[in-house]
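Reading through the structure tokens given below for one structure.
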Amino acid sequence: MDSQGSQPTLLDRLRVLYGDRAAEIEPRLVALIDEYRSSEQSNSEPWSERDVVLITYADLLRSADATPLSTLREWLTDSGLDRLLSVVHLLPFCPYSSDDGFSVIDYLEVDPRAGTWDDIAELGKVVDLMFDLVLNHISQHSEWFQKYLAGEEPYDRFFVEVDPSLDLSQVVRPRSLPLLTEFQTSRGPRWVWTTFSDDQIDLNYAEPEVLLRMLRILLEYAKRGARIVRLDAIAFLWKVIGANCLHLPETHEAVKLMRDVTTAAFPEMLVLTETNVPHKENVSYFGDGDEAHMVYQFSLPPLLLDALVNGDAVYLRRWLETLDPPPAGCTFFNFTASHDGVGVRPLEGLVPDERFDSVVEAVRARGGLINTRRRPDGTDSPYELNITYVDATSPTERGESPNVELHAQRFLATQAVMLALPGMPAVYFHSLVGSQNDYAGVEASGINRRINRHKYELGELQAHLSDADSLAARIHAGYRQLLSVRTNHPAFHPDAPLRLLDAGSDAVLAFERVSIDGGERVIVVANFGEALELDLSSFVTDYDSLRPLLSDTDIPIPAGPVALPGGSCTWLLAE
């Protein structure tokens, strides 16, 4: 801290990480900030009810006469989705060697199979942008690692060499794969740290040059138009032999430094941490309001599935009851699906074992696949559920006769709850267009996660959505309606307070959102069980009428019992 005991300085942060070496690093960091410092200043609020993020791969949508990035921009504008979505999250778009982009070869190039920096700039003219910074590891095919193998300075210090005879059993593992990988170098064989795979080599942040290089890349992304930067797999960043190497104090300090650096150069840029871990650990990345601006609500996707599978919202409600508001200047990043599967570690401590098992089995029955992680005792346990969220919410198991109308209703109910919670919502491309499990992608690649990563040709997508009675078209139309309503109601501002309501039924989750100025009040009622009648006046008070926001009519709901279909959600404007 400085002499007045105020906000830690850059030098303070560096001392936590590098001790006495901090004094020689600080001038270089200050010069880096000055090099990138933006002259554009704005006093606008960091987020609003109009903010909805679309999560997509840069090459997910293709056409014969344009790059995938240009095709995406044209599809968004032609379909009017650029008016319903404010941000596009481009998953890693750099040249890569594996893991669908998450093994980066060059952080400052755009994969030519997706497009160019100019394409990204053009996309940034119609929506705000969110980039991924894959900062825990880099491809073995990168220039950095190849120079490490050759023994060149300073790259010979860029990676974590470990004696394989050491006891590393306490290290938390996200995969059922070896932690160390042997490589032949100019100095002989070396074992290096590989948290995720033998192609993804962990970087050594105990070497200041690594941090300075990554901070430059972070600032370059902001300069290139990133309103939000997602720090991928950040929880594993710092390594200490003998520790679990997850959420170490140095990792938290590094995130705080990244926020300080970006705030100094680009005050409007937001830092989002990606930590697919139990809830208490996840929200620790808010710090004291001085760390991440946003954290993912990783517990939300599996809790919504738990409610649907078991026909009650008991544990979803309990979680919401204990959910502390984020610190000032911070918010949650709400989602149900992404390029990865549904993480189940965030269910730890939130539901009984038998409910956890029921969710896993329900996903299997709907055609889902299960990825595992290695525990310290050497056993494997479920880590994520690989399935489209659309199929995860199906009322029927794989092979049974589908019920398209109920299926769409159940899926959209989960999305309506997610969109209505405090925070900034994010929608995965395949949820928006009602994609189902891509078994061909899994079979062709041998990668379970490809079940949720189908790449569309533009004509294929248009045909996919053309039949108004199909599951995909029903979901897409319903989703557009949800987005249109949400973005026009200040009660859904990320900072607007939430109050849980007691509907008198375990199957029902009910809550209200009130706009920051107190001028608007929206009631959200979701039924995860069988159809029932509900007397809204028993738990909603102080209103003259309740006007449905998601129906074709704005006729107020009459007093008395109201029929609430099973697997449904309604938004009601209290007037």
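The values are calculated or read from the model by the stated rules, or taken from the named source; none is laboratory data. In this text the structure is predicted, and so the values were computed from the model without any measurement. Positions of Cβ are generated from backbone atoms using ideal geometry, with glycine treated the same way; all protein chains shown enter the neighbour counts. These accessible areas exclude ligands, DNA and RNA; they are computed on the full protein's heavy atoms, side chains included. Shrake-Rupley method; radii C 1.70, N 1.55, O 1.52, S 1.80 Å.
Numbers at a glance
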| item | result |
| --- | --- |
| Among residues of the range 377-403, those that are buried (at least 19 other Cβ atoms within 10 Å of the Cβ), outside any loop (DSSP other than H, G, I, E, B) and of a type outside the set (Gly, Ala, Ser), counted | 8 |
| Filter pass, SER197 being open to solvent by 20 Å² or more (accessible area, probe 1.4 Å), in contact with a Leu (Cβ under 7 Å, 6 or more places away or on another chain) and in contact (Cβ under 8 Å) with a residue 60 or more places away in the chain | yes |
| Members of the range 482-507 that are of a type in the set (D, E, K, R) and part of a helix (DSSP H, G or I) | ARG486 |
| Condition met for ASP357 (over 27 Å from HIS476 (Cα atoms), in a helix (DSSP H, G or I), without any contact (Cβ under 8 Å) to a residue 24 or more places away in the chain and out of contact with any His (no Cβ under 9 Å at 6 or more places or on another chain)) | yes |
| Verdict on ASN276 being touching a strand residue (DSSP E or B) at 6+ places or on another chain (Cβ under 6 Å), surrounded by fewer than 22 Cβ atoms within 10 Å (Cβ to Cβ) and either in a helix (DSSP H, G or I) or in contact (Cβ under 8 Å) with a residue 24 or more places away in the chain (or both) | yes |
| Those residues of the range 116-136 which are surrounded by 15 or more Cβ atoms within 10 Å (Cβ to Cβ) and not aliphatic (A, V, I, L, M), in sequence order | THR116, ASP119, GLU122, GLY124, ASP128, PHE131, ASP132, ASN136 |
| Residue in the range 138-146 that is in contact with an Asp or Glu (Cβ under 7 Å, 6 or more places away or on another chain), of a type in the set (Ser, Thr, Tyr), touching a residue at least 12 places away in the same chain (Cβ under 8 Å) and assigned to a helix (DSSP H, G or I) present | no |
| Tally, over the range 363-376, of residues that are in a loop (DSSP other than H, G, I, E, B), among the charged types (D, E, K, R) and within 19 Å of PRO278 (Cα to Cα) | 1 |
| The range 166-179 residues that are within 24 Å of LEU385 (Cβ to Cβ), paired with ones that are of a type in the set (Gly, Ala, Ser) and modelled with pLDDT of 95 or more (beta carbon under 7 Å, 6 or more apart) | LEU177/SER197 |
| Residue, nearest to PRO46 (Cα to Cα), within the range 282-341, restricted to residues that are under 13 Å from the mean Cα position of the chain (by Cα) and in a helix (DSSP H, G or I) | ASN282 |
| Filtered residue count, the range 234-269, keeping only those that are in a loop (DSSP other than H, G, I, E, B) and open to solvent by 10 Å² or more (accessible area, probe 1.4 Å) | 13 |
| Any hit, the range 1-21, residues being open to solvent by less than 20 Å² (accessible area, probe 1.4 Å) and more than 32 Å from the chain's Cα centre (by Cα) | no |
| Of residues in the range 70-108 being free of Cβ contacts under 8 Å to residues at least 12 places away in the same chain and more than 16 Å from LEU129 (Cα to Cα), the one most open to solvent (accessible area, probe 1.4 Å) | ASP78 |
| Residue within the range 457-474 that is within 22 Å of the chain's Cα centre (by Cα) and surrounded by 15 or more Cβ atoms within 10 Å (Cβ to Cβ) present | no |
| The one condition in (1) open to solvent by 10 Å² or more (accessible area, probe 1.4 Å); (2) under 21 Å from SER568 (Cα atoms); (3) touching an Asp or Glu at 6+ places or on another chain (Cβ under 6 Å); (4) not polar (S, T, N, Q) that VAL359 fails to fulfil | (1) |
| From the options ALA526, ALA510, residue that is touching a Cys at 6+ places or on another chain (Cβ under 6 Å), at pLDDT 95 or above and either open to solvent by 40 Å² or more (accessible area, probe 1.4 Å) or assigned to a strand (DSSP E or B) (or both) | ALA526 |
